[in-house]
1. Do you know which residues across region 324-380 are in a strand (DSSP E or B) and either of a type outside the set (V, I, T) or under 21 Å from L103 (Cα atoms) (or both)?
2. Looking at region 57-67, which of the residues that are touching a residue at least 24 places away in the same chain (Cβ under 8 Å) and not β-branched (V, I, T) is nearest to ligand 1 (Cβ to nearest atom)?
3. Give A209, A251 a once-over and let me know the one that is of a type in the set (A, V, I, L, M) and outside any helix (DSSP H, G or I).
4. Out of the residues in region 381-422 that are surrounded by fewer than 24 Cβ atoms within 10 Å (Cβ to Cβ) and within 16 Å of ligand 1 (Cβ to nearest atom), state the one that is farthest from L177 (Cα to Cα).
5. Could you please let me know if N519 is buried (at least 24 other Cβ atoms within 10 Å of the Cβ), outside any loop (DSSP other than H, G, I, E, B) and of a type outside the set (K, R)?
6. Can you name the number of the only condition in (1) more than 15 Å from ligand 2 (Cβ to nearest atom); (2) aliphatic (A, V, I, L, M); (3) surrounded by 20 or more Cβ atoms within 10 Å (Cβ to Cβ); (4) outside any loop (DSSP other than H, G, I, E, B) that L31 fails?
7. Restricting to region 125-167, name every residue that is buried (at least 21 other Cβ atoms within 10 Å of the Cβ), in contact with a Leu (Cβ under 7 Å, 6 or more places away or on another chain) and among the small types (G, A, S).
8. Does A268 meet the test of being of a type in the set (G, A, S), part of a helix (DSSP H, G or I) and within 30 Å of T409 (Cβ to Cβ)?
Amino acid sequence: MSITRKIIESHIEYGEFEPGEEIAIRIDQTLTQDATGTMAYLQLEALGIAELKTELSVSYVDHNTIQAGFENADDHRYLCSIARKYGIFFSKPGNGICHQVHLERFASPGKTLLGSDSHTPTAGGIGMFAIGAGGLDVAVAMGGSPFYIKCPKIRAINLKGKLQPWVTAKDVALKVLELFTTRGNVGYVFEYRGEGVKTLSVAERATIANMGAECGVTTSIFPSDERTLEFLRAQQRAHDWLELKAGDDTADYESEVEIDLNEVVPLAACPHSPDNIKPVAELEGTEVNQVCIGSCTNSSFKDLMTVAKILEGNKVHPDVELIIAPGSRQVLMNIARAGGLSALIDAGARIAECTCGFCIGNSYAPATDAVSLRTSNRNFKGRSGTASAKVYLVSPETAAVAAISGKITDPRGEEMSYPAVEPLPQTLYIDDSMIIKPSKKDMNADVYRGPNIGAPPSGFMPLPESIHGAVTIKLGDNITTDHIIPAGSRLKYRSNIARYARYVFEPLDRCFYDRAMENRARGKYNIIIAGDSYGQGSSREHAAICPAYLGVKAVIAKSFERIHMANLINFGVLPLIFSSHSDYDAIDMGDELELMAVRRSIEDNEPITVYDRSKGHEFGVNHQLTMREREILLAGGLIPYIRGHRR
Ligand code: MIC
Ligand code: SF4
């Protein structure tokens, strides 16, 4: 059996292992981060969940840590008090990025993890079946309900050979993106196997699993072997180890590809998409203004020690600013003990907190038109906080070399020999004092709610018989959730829907909010038209909640990404698919649409007829909804659906 199948079959609570069919799996662990977590816990409370049923749940604070104003701090206090009430581990701000800390301290091979962040599959590096989801789905899983997904198709990625000096796991992740792009991978698991796997440490595997999120897969997973045991031993968690390997029979795999690690070269994802891949050699000479090293993709001990060794005895180029955000306090403490931190400071790096920071665009935004080289995983236009910036995603090695030379440089041309740093120090220093352990749940504990803590979404209405609305915006392909609802400086409103909703589509069309409100005031629904791969990127359910709050009732697109589609359904917004792409071409912004007998069509699992009143023509739209999803939509969303089932 494949590893994927082994874990799914040992956790299945509904359905059978049949790719494409709906299944529900038991969730052993959950994680939340603050930017999605406040809403997740507000919904947990609203659902009246009194007790957590998971083996372990952790609440991290790593995204919203700027604290320019009371809002972030209010959220942190709310999260801390909720953790105490429910018996959840609470990782304080500054302790690190959720995925890095979870890998170090909690992730276990063979178990399932559901996280309210799209990079939750990072834990696939340790052999965990780890999936990203919206906060509401995570809240429901904390209450003990299984998680529903389409049983994945499995693509085997066979690794052979060994990476050459200066070529890294990040280059493998970028190679995978070059092969499979950011679209067309919905419903897949990328399962890594082959001789090459054992040449990679857990941190390197985690880097590759992390960026599977950019392909849009359900998750990525590696075997659990001797290298995994090595990692867990260093973390003093050998007891969490279990061997996990796939059999020789490849019948479970829908397809197989081979990557020869010897052949991989340093790569870069060029502006403005993680799949716009070019060899670094082709970009040589491009002037660089900013270099940012860190994020949940590349901030392990090895990553940062390698950077430190490259920078040792050098200075950051006068025209470059170098920002380094260690992935966790454990990494920071260990590079400090190993002398790496002083090498970074000596070279002239700006040392940032162990948080997401630059990656989410809430700090260290580049200058106008600047070229920024980053080791993070997303370079969508404007995500850095500067719309005109050009962001390239590269390995820490390529980033460090550019920080010295001031130009994009193929690191293989370096005179120095490759600093082959061990994955972890001889003795790993571990101190969990910034993780507050739940003593035991205290349902009477006070929950702190400052003025930034709004109410969770409410007022859900069952799906109407028909929908009369206007096309409020017409979009192209590859619209990301960063386009739908920006993070960066707007992040602090995550727990305040009415306020945050003002920024829906802000990066694309600043008038969307006014138009949507006007339609809503006139009793008309808002309808979004989009191209392929709508909702790429993050798991933020605000990209569904905020449009729903503005009266968006349907998105008609050529195709959807998994997590966003699930979030739309959870908040009662219909994700509909054009039957014919020429209908997309015919439609314009402002067109008045009538989705006729929509309720009945959803009940009967039939296509829906749309009448474009402005153009005077009809067209058909489909959906790819399971029975449960149709029931959720009929009820008006997951919360009313759950309440209905309790009655
Ligand atoms: C991201 O990398 O885009 C985020 C910020 O981590 C998101 C979560 C969020 O929007 O809060 C993600 O990846 O899910
Ligand atoms: Fe944080 Fe960036 Fe990772 Fe998202 S991708 S969890 S913002 S470091």
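Read the figures in this text as sums done on the coordinates, not as results from a lab. Here the structure is a predicted model, which means the values were calculated and not measured. All Cβ positions, even for glycine, are placed from backbone atoms using ideal geometry, and neighbour counts span all protein chains on display.
1. To start, the set of residues in region 324-380 that are in a strand (DSSP E or B) comprises 324-325, 328, 350-351, 371-374, 380.
I324, A325, S328, R350, S372, L373, R374, F380, listed by residue number.
2. To start, the set of residues in region 57-67 that are touching a residue at least 24 places away in the same chain (Cβ under 8 Å) comprises 57-66.
Keeping just the survivors that are not β-branched (V, I, T) gives 57, 59-60, 62-64.
Working: S57: 17, S59: 13, Y60: 11, D62: 9, H63: 6, N64: 9 Å.
This residue is H63.
3. That would be A251, the only listed residue that is of a type in the set (A, V, I, L, M) and outside any helix (DSSP H, G or I).
4. G385
5. Values: buried (at least 24 other Cβ atoms within 10 Å of the Cβ): no; outside any loop (DSSP other than H, G, I, E, B): yes; of a type outside the set (K, R): yes.
Here the answer is no, as N519 does not meet what is asked.
6. Condition not satisfied by L31: (1).
7. G125, G127, A130, A133, A139, A141
8. The answer is no for A268.
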